[in-house]
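What follows is a set of notes on a single structure, which appears directly below.
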Amino acid sequence: MGDVEKKPLLADISRQSSFYSRQNGTYNEHEEDPELGSQRDDLKRSMTQEQDQVTLTWKDVNVYSLPKKKGCCNRGQSLQSPKQILSNVSGMIKPGKLMAIMGASGAGKSTLLNVLTFRNRGSLILQGDVRVNGVVVDKSSIGNISAYVQQDDLFIGAMTVREHLTFRALLRMDKRKTREERLQKVEDVILDLGLSKCADTVIGIPGRLRGISGGEMKRLSFASDLLTNPPLMFCDEATSGLDSFMAHSVINALKSMVRRGKTILCTIHQPPSDVFELFDEVFLLAEGRVAFSGPIPDAIEFFKSNGHPCPMNYNPADHFILTLAIVPGKEADCKSRVKKICSAYEASQPYIQMKEEVKSGPVQVSQSFIENTLNNSSRYGASLVQQLRSVFWRSWISNIRNPLFVRIKFIQTIFFSVILGLIYLKTDNDYSQNDIMNVNGAIFVIITNLSFTNLFSVLNVFPLEFPIFLREYGSGLYGVGIYYMSKTLVELPFHIIIPVIFMSILYWMSGLVHDATSFLIATAVAVIIGNTAASFGYVVSAAAPSLTAALDTAPALMIPLLLLGGFYLNSGSTPDYLVWLKYLSWFSYGNEMMVVNQWQDVTRISCSSNTTCTPTGDFVIKSLSFDKDNFYLDLGLLFALFVGFRLLSFFILFVRAKRSSS
């Protein structure tokens, strides 16, 4: 085990307690157990060769779900007592063992895994003791020495297998590792997990981009967490959605890991017999109680001795689940059978010996392992600069490999600018009275098109990746600010280039004043308008729970701002009770700036006799209740909206991330 990378175990061992509990949603921290100090000294004095191997124990774990609070509809009803999900559950797993946590639906498998990993606890009441090598751990310390492979495989589909692992290595591995060492580790993991053939294949996007197989994707999930060489691994439904061949391949990969001294727990649902026999031990749960824990042959013998022998040529895993299941319509008989089995195991000698071993004290570990765990309390494995570079790099690759993102954006921009240019076609600046409406209409189209195009282009930025972001943020790969900056910065070039292309074509075709300075000013204003609209889109994107919700919400929020932009309602006619909303409309500021830039230097507008005419550009500006002197004020307010919307969207994303992680 000398080549195994050391990872920190305790962020601050002096602050640990020997017991944790939570009542009514509030943790109560107890004073440090007097024995903990001597345990810590024993750990520091011990000098063994198996320095990164860990033994995980959990003792007397009780979990209750809190009753729902009274509401207006159930007022006067008695408040229900907490429902017990796990009852006095104890167990242990030693290095070099692969344990299957099994049970029928509702047995408490996922709850136990959440307790051991300190995840997704929600509003549960928790009691119990979780230790690594005899030392009590918390969420931070268990995260430092373990990997948690979740049931759902979440990846950025445009990345290749090697690129994804490189991204993880740059952010997750020890800061002291050089880039060359990180890249070499990526190659080693690819080889170990049998991913060499698909290393340069994109992961894939269902229905859009063909990629690797389901089995390869599951092995990639393991590879992602093996980069840090964690001595302890948790796997949630590792074979979910895989056929028997792929399931065997995945569990066989786990088996090869435990041969190198790793400790692996895996929840699994009725595995095939050839897959089940790969596990060293099984931990059976039924009705929130321990039905058995130990080697599979011993489990078969235990069930046989209690009147439930496994039939010949029958999968033991299926036999265990069927015996412990609660069958609808036969609840009383099934619960009675489960109670007898659990009580028999709790009274058995193996269970008593296991509980004594759990209580016996710390496991010997090396001095260097403990020192390394004490020296590292950083939440992130990479510097802020490295985080920003890595997340930006991944976002950029994801964008440029999406043909819909790149090609359609530019084709659509060129197509619409040409079509609109032909509609408003005017090649000179000899304006007539009819041209006033046409030119102002072109300005309206420019602002509206840029707003809708840029806003709708970012609505998918956060909803589609939000589950991936939450998982990576929770794993300590990067912070919320880094993710937000990367996602918005990678979109910024497109929000500059697209308006420039659009204006370069439409401006000269639609009869806007033919002057280089006016063109540059109009283009700059168009860029700011587009980016402000995109910033508002980020607000909607960050707040929406799904892309569908974002697409439904955005138009409803934009239309009032559009109506107050001076196109459909004269700026001076805005009702007093809606004036505040006008100040949030970038349409209003952009329209005034564009109109002023267009008409301020137009000194003559031709007029036929016997009609009321608008003789100059100044009159056009005043007729719309605009003011030339407001140009720079509008510019400042437009920039303020740009910054304000960005800050608001970041705040929303930050709050959602914090709530989800807690």
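Loop-located chymotrypsin sites (Phe, Trp or Tyr not before Pro) across the range 563-658 with a Cβ neighbour count of 14 or fewer within 10 Å are Tyr568, Tyr583, with loop assigned by DSSP. Within the shell defined by Cβ-Cβ distances under 10 Å, the residues around Lys94 carry a net charge of -2, with Lys and Arg each +1 and Asp and Glu each -1.
For the chain, the longest principal axis of the C-alpha atoms and the axis of helix 331-346 are separated by about 60°. Only Lys, Arg, Asp and Glu carry charge here, each on its Cβ (+1 for the first two, -1 for the last two); on that basis the range 384-661 has a dipole of about 1220 debye about its Cα centre.
Here the Kirkwood formula, the inverse mean of 1/r across different C-alpha pairs, assigns the chain a hydrodynamic radius of 29.2 Å. Contact order for the chain, expressed relative to its length and based on alpha carbon pairs under 8 Å spaced 6+ residues apart, stands at 15 percent. Classify the range 229-274 from the C-alpha gyration tensor, please: rounded if a/c falls under 1.5, else prolate or oblate depending on whether a/b exceeds b/c. Prolate. Checking every one of the trypsin sites (Lys or Arg not before Pro) in the range 139-182 against DSSP loop status and a limit of 14 other Cβ atoms within 10 Å picks out Lys175, Arg176. For the chain, adding -39500 (n - 2.57) for each run of n ≥ 4 DSSP H residues and dividing by the number of residues yields -17000 deg cm²/dmol at 222 nm.
Every number here is computed from the coordinates shown, using simple stated rules; none is lab data. What you are looking at is a predicted structure, and each value in this text was computed from that prediction instead of being measured. Neighbour counts run over all protein chains shown; Cβ positions are idealised from the backbone, glycine included.
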